[in-house]
Amino acid sequence: MDCSHRNFQCGNVISLLMFLSLIIFTCTSAFAQELSSPVTLEADEVVFFEIEGRAEARGNVIIRREDMKLEAPYVEYFIESSMVFAEGHDDELVVLIWGNRVLRGDKLEYNLITQEGIMQNGSGQEGPVYVYGGDVKIAPPEAALSKGWLGRKDLEKTEKNAHVAIWENANYTTCDAPKPHYNLYTTKMTVIPGNKVVLRRPRVYLDGKLLYTYPFNYEINIRDREASSPFTFRIKDDSDRGTGVIGYGPVVVDDRLSVNVHLAYWSDMDEEWMVLGSYGLTNQWSLFANAVYAYNSDEDEKRYRPSWGANYYNQGFSGKIYWSQAENVSIEKEAGVTYKGVLWRSPEVQLFTPWVDLTSNARSRLALYWGHYEADEAEVDRWGYGFDFSSSFAPLDKKNNNFTPFIWAQYQWFKYDAKKWRRQEIIDATWGLRYRVGEFPMVTRYAQRWTTGNSPMSWDDYSDRREIYHTTGIPLGSRWKVAVRTAYDFVDEHLDEVVYSLVYDEHCYYWEFIYKDERPMYSTSDEDDWMGLRLVIKAFPESKITFGGEVEEITSPAQEVGFVK
């Protein structure tokens, strides 16, 4: 036998205690101190080259060290450098495992001491996120910090035993289908386990077709299982502005700071824009500031409309202090009637207590209000209080999980320092029932408002209403669905509003087209018809990525009957 190498075999799997002894014998004392944790190797066949200080392992190779496990059909191990070279064969891939995290690929170079390496044509999973294609470099958090892969704040939120990964020319998706229905392709992706994934200006593909290229970096918060709002475009037709192209999305996403922009160009009104920023000051306080340059039909003027303030949240208590100048406001007073106007807040303060359980299925909270406003060419102070109440019930037909009632109510009392109108009291209540008739989901709810007194400001002045809303969902096969919601006004005995939804649902994403048709009994400027299209990617069970605009302002009929979330 050639004395330059030794061949160890023991059935299908061997535990190389002799091999490890040779490793220790060959290593210098300094190296032995660095690689203090034991390394075990198992394989169908191992050849040890003593002069070269390396070993070749073939067939069901497994290397273990601490919580790391390497599986491959072929491995070369260099003792002095602690470098491992692993290769796949045919359909057998190289598999690198740390705890519950798995990385697969064709070839791997990995250092057992530094725990740094590179996998060719890698694929892996981080929670619900799947990454595949391209090469991936891996390193422990401290090493990744020195390489500039992550910042000091990210390091503090990253597990010490995790491996930060840099992917090149890779794909990201949360679709679990064998052939993903959507993916984001990027030239560089940073995966910080248990924290976040950052994609450099990804291209968005839907069923293999390029949808558009994202103009900024895109961040997915794995810790909170949510994605930053995407940047996208849409086309809208507006009676005041004409036809416009609108783009919107984030330009800065950080643990504390976020900045979003909205850009629009209209055929009749030229450009409009918004820059919306927020900063997390502490765990309880956040600041916000918005710069808006937009048109308002009530003024017939396009101008700068800034706003700023702070939000507070602590153990269920929440609040907001808010300043705004020439703010565009759009408030749906009732079905078919939407108020549009201009408002100054200097400032407005809102405080809310935590929700308190009244019974096992009913809860309530207290609200306090104060504000100084300029509207309708008048300055008014308003203060008041209110109560919110909601209740949900078990299905009346428990066997079939059908006929589920619900109740919502709100009481508000306001006082004003005006000469004519000095007080307003508002009670809103909704009673509803969710049910199914055969394959058709339905929701019927009755809404009523009682008011006493009036407000001196149009945006804040409410009147009585008695309306019934009915929504019907109609499935058209496994993918297509239609839902329609109607609103009938008992006071005017008139159909005030119809909203239509058309949904195409494809496993991990869906398209929704929505058209809102307001039908006030008398034609006024408060009529607000619009249509919109959105694409929703079901990124996580708890959240979604939404590409679309106006449809986010209301609960669509398809959402109400449960066709989509």
Would you say SER330 is outside the structural domain of TRP421 (by TED's automatic domain parsing), touching a helix residue (DSSP H, G or I) at 6+ places or on another chain (Cβ under 9 Å), in contact (Cβ under 8 Å) with a residue 12 or more places away in the chain and exposed (fewer than 14 other Cβ atoms within 10 Å of the Cβ)?
-> yes
Could you tell me whether segment 203-219 includes any residue that is crowded, with 19+ Cβ neighbours inside 10 Å, part of a strand (DSSP E or B) and in contact (Cβ under 8 Å) with a residue 40 or more places away in the chain?
-> no
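Suppose the filter is in contact (Cβ under 8 Å) with a residue 40 or more places away in the chain, in the same structural domain as VAL499 (by TED's automatic domain parsing) and closer than 22 Å to ASP460 by Cα; does SER297 pass it?
Yes: the conditions hold for SER297.
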Across (1) in the same structural domain as ALA264 (by TED's automatic domain parsing); (2) within 30 Å of PHE490 (Cβ to Cβ); (3) of a type outside the set (Asp, Glu), GLY341 clears everything bar (1)
Might you let me know whether segment 47-59 holds any residue that is surrounded by fewer than 17 Cβ atoms within 10 Å (Cβ to Cβ), part of a loop (DSSP other than H, G, I, E, B) and either among the aliphatic types (A, V, I, L, M) or in the same structural domain as ASN195 (by TED's automatic domain parsing) (or both)?
-> yes
Test: residue in segment 8-23 that is within 20 Å of LEU93 (Cβ to Cβ) and modelled with pLDDT of 50 or more = no
Restricting to segment 220-253, what's the tally of residues that are in contact with a strand residue (DSSP E or B) (Cβ under 9 Å, 6 or more places away or on another chain), in a loop (DSSP other than H, G, I, E, B) and either of a type outside the set (Asp, Glu) or modelled with pLDDT of 70 or more (or both)?
-> 9
Filter segment 291-315 for residues that are modelled with pLDDT under 95, within 25 Å of the chain's Cα centre (by Cα) and surrounded by 16 or more Cβ atoms within 10 Å (Cβ to Cβ) and give the result.
-> VAL292
In this structure, is ARG101 without any contact (Cβ under 8 Å) to a residue 60 or more places away in the chain and among the basic types (Lys, Arg)?
-> no
Subset of segment 112-160 (residues that are exposed (fewer than 15 other Cβ atoms within 10 Å of the Cβ), in a loop (DSSP other than H, G, I, E, B) and over 27 Å from the mean Cα position of the chain (by Cα)) = ILE113, THR114, LYS147
Restricting segment 462-505 to residues that are without any contact (Cβ under 8 Å) to a residue 40 or more places away in the chain and of a type in the set (Asp, Glu), which is nearest to GLU425 (Cα to Cα)?
-> ASP464
Collect the residues in segment 254-282 that are part of a loop (DSSP other than H, G, I, E, B), free of Cβ contacts under 8 Å to residues at least 60 places away in the same chain and under 28 Å from ASN195 (Cα atoms), keeping them in residue-number order.
-> ASP254, ARG256, LEU281, THR282
SER318 vs. criteria in contact with a Ser or Thr (Cβ under 7 Å, 6 or more places away or on another chain), polar (S, T, N, Q), crowded, with 17+ Cβ neighbours inside 10 Å and at pLDDT 90 or above | no
Within segment 353-379, residues being loosely packed, with under 12 Cβ neighbours inside 10 Å and either in contact with a Leu (Cβ under 6 Å, 6 or more places away or on another chain) or not in a strand (DSSP E or B) (or both) number 2
Filter segment 267-290 for residues that are closer than 30 Å to LEU351 by Cβ and either of a type in the set (A, V, I, L, M, F, W, C) or exposed (fewer than 15 other Cβ atoms within 10 Å of the Cβ) (or both) and give the result.
-> MET274, VAL275, LEU276, LEU281, THR282, ASN283, GLN284, TRP285, LEU287, PHE288, ALA289
For PHE414: the one exception among (1) in contact with a Lys or Arg (Cβ under 7 Å, 6 or more places away or on another chain); (2) hydrophobic (A, V, I, L, M, F, W, C); (3) surrounded by fewer than 17 Cβ atoms within 10 Å (Cβ to Cβ) | (3)
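The values are calculated or read from the model by the stated rules, or taken from the named source; none is laboratory data. Predicted, not measured: the structure shown is a model, and the values here were computed from it. Backbone-built Cβ (ideal geometry, glycine too); neighbour counts: all protein chains shown.
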